[in-house]
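Take a look at the structure set out below.
The values are calculated or read from the model by the stated rules, or taken from the named source; none is laboratory data. The shown structure was predicted, so the numbers you read here are calculated from the model rather than taken from an experiment. Backbone-built Cβ (ideal geometry, glycine too); neighbour counts: all protein chains shown.
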């Protein structure tokens with residue numbers, strides 16, 4: 001089955017205040033839109049993610065996520081979703097999510113996709129806990145009521161049919177209403193308190209507090225060694241460094257990225273680089289180590305984790321790391337989607353002691369600090 005997620009981020013976000021639409025405003029260390037994008041792209045059953053933005057928001061989208069598939073939204077949310085469905089094509093399953101609900105977990109996605117085995121649609125919801133009254137003050141029963149969230153999941157053909165059949169001069173409360181209008185049943189699965197919608201300025205402060213309370217800090221280290229060899233290129237932190245010799249290894253032998261990869265894997269107890277990319281597998285021969293680091297980062301994201309800081313120390317007698325330090329920092333930051341200020345690169349020698357002191361090879365030691373759900 002091909003599963004496509006549509007993130008609706010076409011609103012102006014004026015009620016949230018600020019100088020930019022709320023979907024591009026910073027929240028918990030990155031643009032709000034990036035939180036749900038990372039959660040969806042890192043889910044193993046989601047094949048593609050399409051973002052729907054407002055006209056004129058293309059530059060902001062690129063700054064937040066880079067080059068990603070996108071559609072321009074319409075005058076209403078319904079029209080924006082319809083434009084996103086065009087890009088989704090003939091997907092078997094479609095997830096429709098609002099960017100204003102940033103803290104999306106894989107567990108909610110799992111429940112929604114599982115429900116599509118027996119239903120044409122599924123929505124996450126939470127029981128109503130507060131007392132309800134009508135405008136006249138009469139009590140309203142909470143029995144059977146839920147607060148509906150997103151993402152909402154549908155079989156592709158059914159959501160396409162629902163949008164095609166809906167009257168153009170009417171608006172729907174959500175996509176589930178449109179599917180139910182065809183006489184089809186939409187299941188309700190357990191939602192999440194973390195999926196509260198962000199609308200007003202005060203919601204940002206509440207979301208930051210909610211995010212912080214749900215996270216705990218983990219720190220792990222990584223260490224890697226490679227020997228020098230004639231005829232090899234020297235790669236450090238994703239940067240080719242001019243030198244008389246390079247490092248020998250099954251991949252490009254980037255000792256810096258290997259150490260950081262192991263540190264990140266350590267923060268989520270996911271083993272080491274050799275478990276994920278065995279040296280015995282010929283497909284990794286000469287591979288760029290950036291993909292190893294990106295894989296580790298995606299595993300952290302899949303756990304709901306946030307990378308806060310990377311610190312790496314390069315141990316060698318030569319070459320001099322100083323002239324390349326800032327380029328290496330920028331490269332690591334770009335691979336991990338961090339600010340350069342969140343990456344530290346240091347270098348030291350061993351005073352000519354040991355294998356690094358004799359110029360036989362290089363070593364790198366890395367420390368990663370992340371936050372993961374408690």
### Task
Select from region 345-374 the residues that are surrounded by fewer than 16 Cβ atoms within 10 Å (Cβ to Cβ) and part of a strand (DSSP E or B) and list them in ascending order.
346, 348, 373
### Query
Taking into account only those residues within region 8-28 that are surrounded by fewer than 17 Cβ atoms within 10 Å (Cβ to Cβ) and not in a strand (DSSP E or B), which is modelled with the highest pLDDT?
20
### Query
For region 234-306, list the helices (runs of 4 or more DSSP H) that sit wholly inside it and hold at least 2 residues that are crowded, with 17+ Cβ neighbours inside 10 Å; which are they?
255-267, 290-302
### Query
Residue check: is residue 314 in contact with a strand residue (DSSP E or B) (Cβ under 6 Å, 6 or more places away or on another chain) and in contact (Cβ under 8 Å) with a residue 60 or more places away in the chain?
yes
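Could you check how many residues of region 179-203 are part of a loop (DSSP other than H, G, I, E, B) and in contact with a helix residue (DSSP H, G or I) (Cβ under 9 Å, 6 or more places away or on another chain)?
So the answer is 11.
Suppose we filter region 315-344 for residues that are part of a helix (DSSP H, G or I) and under 22 Å from residue 26 (Cβ atoms); how many remain?
10
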### Message
Which count do you get for residues in region 214-229 that are more than 18 Å from residue 262 (Cα to Cα), in contact (Cβ under 8 Å) with a residue 24 or more places away in the chain and part of a strand (DSSP E or B)?
### Response
4
### Task
Collect the residues in region 95-125 that are more than 27 Å from residue 300 (Cβ to Cβ) and in contact with a helix residue (DSSP H, G or I) (Cβ under 9 Å, 6 or more places away or on another chain), keeping them in residue-number order.
120, 121, 122, 123
### Message
Quick test of your reading of the structure: residue 5 fulfils all but one of (1) surrounded by 21 or more Cβ atoms within 10 Å (Cβ to Cβ); (2) out of contact with any helix residue (DSSP H, G or I) (no Cβ under 7 Å at 6 or more places or on another chain). Name the failing condition by number.
### Response
(2)
#### Entry: Matching residues, region 164-176, being closer than 18 Å to residue 98 by Cα and either touching a strand residue (DSSP E or B) at 6+ places or on another chain (Cβ under 6 Å) or surrounded by fewer than 17 Cβ atoms within 10 Å (Cβ to Cβ) (or both)
171, 173, 175, 176
#### Entry: Matching option when the condition is out of contact with any strand residue (DSSP E or B) (no Cβ under 7 Å at 6 or more places or on another chain), in contact (Cβ under 8 Å) with a residue 12 or more places away in the chain and farther than 30 Å from residue 30 by Cβ, among 282, 242
242
### Query
Of 31, 69, which residue is within 21 Å of residue 298 (Cα to Cα), free of Cβ contacts under 8 Å to residues at least 60 places away in the same chain and buried (at least 16 other Cβ atoms within 10 Å of the Cβ)?
31
### Task
Could you list all residues from region 72-109 that are surrounded by fewer than 16 Cβ atoms within 10 Å (Cβ to Cβ), in a helix (DSSP H, G or I) and in contact (Cβ under 8 Å) with a residue 60 or more places away in the chain?
107
